[in-house]
Amino acid sequence: MTSLHGKKIILGVSGSIAAYKAAVLLRLLMKEGCEVRVIMTHSAKDFVSPLTFSTLSHHPVASDVHQDEEWTNHVEWGLWADAMVIAPATAHTIARCACGLASDMLTATYLSARCPVFFAPAMDLDMWQHPSTKENISKLQSYGNFILDVGNGELASGLIGPGRLAEPEEIKDFLSDFFRIQQDFKDTSILVNAGPTYEAIDPVRYIGNHSTGKMGVAIAEEFSNRGAEVTLVLGPESVLPKDDRITVLHVTSADDMLETCLQVFEKTDVAILAAAVADYKPAQIANEKIKKDNQKLSLELVRTPDIAASIGKIKKAGQILVGFALETNNGREHALQKMVKKHMDMIVLNNPRDAGAGFGHDTNKVTFLFPNNKEQHFELKSKQKVAFDIAEAVHKMIKENAKN
Ligand code: C5P
C-alpha cells in the first residue's frame, strides 16, 4: 500500500490539449486507492468529455458553482480534500488562481481549499516564459502552493521547448512522495547544530568565522516538516528558523556548544552536525579590554573541543551521526578520515571553492560519503533541496537499522 492509499484528491482540469493526460492521471490515482472528485473548466470540456472523468472517478464532474437551480458546495469540496491537483493548469487558470478570481467551480474550490494545492502547468513555450506567467507562478508559490516542473519537448503548436504537462506518472509520484515525507520522521528526535562559534579574546573581541547557519537551519526545517522533534543548537549571529516547532538553543563558544549538544544527544535518535565550530580559542580570556599599547600582540591559541568526536564516542547502537566536511583540497580523503575517526554514519562533503557552495550562499554542492565506501554526488542546488537529500539518506539509514 502506498502513501496515496485512501487519500481524497480533487483533480482540477483546465482547457489544454494535454487534458487527455488528466484522464490517465485519474486512472493512476484510482489504482493507488485514492478517492477522486473531478472539476473541469468549461474549456477543458472542449478537449475531453466529462463522461470520461465521471466514469473513471465514479463521481459526477463539477464545473459550475451553481447550475439549473442546483448549487455545488465548493466549500465542502475544499474541506473534504487531502490535496487538490490542477493538471493541466493553463496560463489562464494559473492567472485566475493567482488573482483570487472565483468565476467557476475550479477557482472557487481553490480559494476554499485548506489542503495543499499542486499545479502541473501546461502551455506553449512563449506563454510559459512570459513575465506575467512567471509572476503568477511565483505568487502561487509564495502562497504555499506547489508547482510541478514542466516537461521540455514538442508542443502542440509545433514549437519545441518547455511547457509540456508533466507525465501523469510523474505527477502521481510527486503526490505520493509528498504524502510519504509528511510524517516519515514522526517519533524521531533530531539534534542539529549550526552556525559559527565565537571564541572570546577579551570582553569585546572574539575569533569567529563566516558561517551563517543557513545549511543547518534548512536541515532543521526539513526534518521538522517531516514530523521530527528537532532541537537546533545555534551559534551566534546565525539566521533563525521560521518554523516555531523547532526548539532553538542559542550558544556562543565551542565549549557552550559541546555542553548543550551532549545534553541533547542523550535523548536523540539522529545528530546532524553542520556547525562551523572554531578549531582554536585563546588560551586565556582577558578580563578587561586589551589596550593597543604595543605594536605587536601575540595570542596563544589552544584547541577547542571536537563536538562531533565527543558525540561519536558516546554514540549508542541505533543512534545516527552525520557530519559535514568543508574542504578546499583532497576533500574526499580528509572527509573519509574524519568520518572514521569521529564514528560518523555519513559525512556531507562540500568545497567552498565550488561556485555557489559553502558559507552564506543559498545553494550548495555536496557529496555524501558512507563508511561502506558508497558515495552519492549531487549537482549545485538550493540548501533546502540539499536538506531534503540529507533527510532521504537518513531515512534510508533508519530503515536499514530497523531491519538489522
Ligand atoms: O572541522 P572539521 O572539518 O573536522 O569538521 C568536520 C565535522 O566535525 C563537522 O560536522 C563539524 O561540525 C564537526 N566539528 C565539531 N567540533 C569541532 C570541529 C568540527 O563538532 N571542534
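The values are calculated or read from the model by the stated rules, or taken from the named source; none is laboratory data. Fair warning: this is a prediction, and the values are worked out from it, not measured in the lab. Cβ coordinates were reconstructed from backbone atoms using ideal geometry, including for glycine residues, and neighbour counts include every protein chain displayed. All accessible areas refer to the heavy atoms of the entire protein, side chains included, with ligands and DNA or RNA removed. Shrake-Rupley method; radii C 1.70, N 1.55, O 1.52, S 1.80 Å.
List of remarks:
- Chymotrypsin sites (Phe, Trp or Tyr not before Pro) restricted to the stretch 143-214 and DSSP loop, no more than 11 other C-beta within 10 Å: TYR143
- Volume of the Cα convex hull of the stretch 8-181, divided per residue and given in Å³: 104 Å³
- Distance between the stretch 161-187 and the stretch 1-58 - C-alpha centres, whole angstrom: 16 Å
- Rolling a 1.4 Å probe across the protein heavy atoms gives the stretch 255-329 an accessible surface of 63 Å² per residue.
- Kirkwood hydrodynamic radius (C-alpha pairs) into Stokes-Einstein, the chain, 37 °C and 0.692 mPa s, D in µm²/s: 136 µm²/s
- Here the Karplus relation 6.51 cos²θ - 1.76 cosθ + 1.60, evaluated at θ = phi - 60°, turns the backbone of the stretch 316-330 into coupling constants of 9, 4, x, 7, 10, 10, 10, x, 10, 9, 9, 10, 9, 9, 6 Hz, with x for every Gly and Pro.
- Protection proxy ranking for 18-29, 95-106, using the average of other Cβ atoms within 10 Å per residue and placing the highest first: 18-29, 95-106.
- Taking the DSSP bridge list for the stretch 8-181 and keeping only pairs wholly inside it, about 25 percent are antiparallel.
- With every protein chain in place and a 1.4 angstrom probe, the accessible-area ranking of ARG332, ARG37, largest first, reads ARG332, ARG37.
- In this structure the stretch 8-181 gives 46 Å² per residue of accessible area when probed at 1.4 Å with all protein chains present.
- Chain lengthening between ILE147 and GLN67 when straightened (0.36 nm per residue, less Cα-Cα): 25.7 nm
- Length-normalised contact order of the stretch 127-245 in % [C-alpha pairs under 8 Å, at least 6 apart]: 21 percent
- Estimated FRET transfer efficiency (SER49, GLN129; beta-carbon r; R0 35 Å; 0.05): 0.65
- Within the chain, percent of DSSP bridges classed antiparallel, to nearest 5: 35 percent
- Averaged over residues, the count of other Cβ atoms within 10 Å places the peptides 368-378, 57-67 in the sequence 57-67, 368-378, highest first.
- With all protein chains modelled, accessible area of TRP71 [1.4 Å, Å²]: 150 Å²
- Shown here for the stretch 144-241: GluC sites (Glu not before Pro) in loop regions (DSSP other than H, G, I, E, B) with at most 14 other Cβ atoms within 10 Å, namely GLU237.
- For the set VAL204, VAL264, solvent exposure ranked by accessible area (probe 1.4 Å, protein chains only) runs largest to smallest as VAL204, VAL264.
- Most tightly packed first, judged by the mean number of other beta-carbon atoms within 10 Å of their residues, the peptides 291-302, 339-350 read 339-350, 291-302.
- Computed [θ] at 222 nm, helices only, for the chain once each DSSP H run of length n ≥ 4 contributes -39500 (n - 2.57): -10500 deg cm²/dmol
- Rg ratio (alpha-carbon, reference 2.2 N^0.38 Å) - the stretch 62-133: 1.18
- Using alpha-carbon coordinates, inclination of helix 131-142 to the longest axis of the chain, degrees: 70 degrees
- Centroid-to-centroid separation of the stretch 188-213 and the stretch 91-128 [C-alpha atoms, Å]: 44 Å
- Fraction of accessible area attributable to carbon and sulfur, the chain (%, probe 1.4 Å): 50 percent
- Rounded to the nearest 10 degrees, the inclination of helix 331-341 to the longest alpha-carbon principal axis of the chain is 70 degrees.
- With Cα atoms, 0 to 90° folded angle of helix 214-225 axis to the chain main axis: 50 degrees
- The C-alpha atoms of the stretch 104-212 occupy a region whose extents along the principal axes are 69, 36, 27 Å, arranged from largest to smallest.
- Ranked order, PHE118, PHE388 - accessible area, probe 1.4 Å, largest first: PHE388, PHE118
- Computed over the stretch 189-403, Cα set: Rg, Dmax in Å: 17.5, 65
- Cα-centred dipole magnitude for the chain, charges only on beta-carbon of K, R (+1) and D, E (-1), debye, nearest 20: 980 debye
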